[in-house]
Amino acid sequence: MYLDSVRDVSATPARLSATLIAMHILVTASSKHGSTNEVADAIARRLEDAGHTADRIAPEDVTSVDTYDAVICGSAVYILQWMDGAHDFMDRFSAQLENKPVWAFSVGMNGVPKHAPQDPTRIGPLLTRVSAIDLHSFAGRYTPSLLSLRERSVARLAGVVEGDFRNWDEINEWTDSILKDLEQR
């Protein structure tokens with residue numbers, strides 16, 4: 001389900017021209033507290049606004065990638081690791097994904113105040129299994145009331161401050177770069 005609260009209608013991408021063929025794209029993401037799902041929803045909605053068909057399916061619910069022209073997989077990041085659902089998805093479909101354009105994104109506290117930026121290629125062993133065209137890291141949302149005591153303790157030790165640091169313009173720009181790449185395929 002798409003979240004209308006994150007939609008920026010003033011920045012809608014151009015629709016496909018009549019000569020371009022719409023693609024069927026899988027957008028899948030593992031999210032623990034909802035922030036990453038909201039990012040995936042925004043990506044899928046932007047792809048659809050451009051004239052493509054985007055299926056938003058949780059990684060554990062994907063049974064096949066055969067019908068998709070492209071795949072975008074994302075995950076929340078905890079202690080520099082993707083969530084198990086996203087890792088399992090990449091493992092289950094690694095052979096099929098080698099023959100498709102794949103983009104990956106991470107959502108975490110990378111790049112937020114008081115938190116040292118991390119190299120996105122260090123997040124989990126993802127790139128050793130699947131060759132993604134791009135792996136992008138987005139800043140996330142830290143709402144302590146949604147987290148367990150352990151998660152809050154780790155965040156406090158890391159110096160994370162409360163707030164929603166997702167940059168919707170950055171997410172739209174990254175999605176637009178995917179659209180541009182798809183047009184050239």
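Work out the length of the dipole vector of region 24-183 about its Cα centre, built from +1 on the beta-carbon of each Lys and Arg and -1 on the beta-carbon of each Asp and Glu, and round it to the nearest 20 debye.
Numbers: 15 positive and 24 negative charges, 155 e Å.
Once rounded to the nearest 20, the dipole reads 740 debye.
With point charges of +1 on the Cβ of Lys and Arg and -1 on the Cβ of Asp and Glu, referenced to the Cα centre of region 24-183, which listed residue (Phe165, Phe89, Ser131) lies farthest in the positive direction of the dipole?
Towards the positive end, the residue furthest out is Phe165.
How do Thr67, Thr28 rank by accessible surface area computed with a 1.4 Å probe, from largest to smallest?
Details: Thr67 95, Thr28 0 Å².
Largest to smallest exposure gives the sequence Thr67, Thr28.
Compute, for Phe165, the solvent-accessible surface of its heavy atoms (probe 1.4 Å) with the complete set of protein chains present, and express it in square angstrom to the nearest 10.
60
Placing unit charges on C-beta atoms (Lys and Arg positive, Asp and Glu negative, everything else neutral), compute the dipole magnitude of region 44-111 about its Cα centre in debye, rounded to 20.
On the way: 5 positive and 11 negative charges, 50 e Å.
Charge dipole of region 44-111: 240 debye, to the nearest 20.
Can you give the accessible area of Arg92 in Å² (nearest 10), computed on protein heavy atoms with a 1.4 Å probe?
Using a 1.4 Å probe on the heavy atoms, I get roughly 110 Å².
Restricting to region 24-183, compute how many DSSP beta bridges are antiparallel as a %, nearest 5.
Numbers: 4 of 26 bridges.
For region 24-183, the DSSP antiparallel bridge percentage is about 15.
Take every Cα pair under 8 Å in region 24-183 that's 6+ residues apart, average their separations, divide by the length, and report that relative contact order as a whole percent. Write out the running numbers ahead of the final one.
On the way: 275 pairs, mean separation 36.3, N = 160.
Normalised by residue count, the contact order of region 24-183 is 23 percent.
How would Asp55, Asp66 rank on accessible area, largest to smallest, probe 1.4 Å? Could the numbers behind the result be given before it?
Details: Asp55 45, Asp66 110 Å².
I get Asp66, Asp55, largest accessible area first.
The values are calculated or read from the model by the stated rules, or taken from the named source; none is laboratory data. What you see is a predicted model, and the numbers here were worked out from it, not measured in a lab. Using ideal geometry, Cβ is built from the backbone for each residue, glycine included, and neighbour counts are taken over all protein chains shown. Just so you know, the surface numbers come from the protein's heavy atoms only, side chains and all, with ligands and any DNA or RNA stripped out. Shrake-Rupley method; radii C 1.70, N 1.55, O 1.52, S 1.80 Å.
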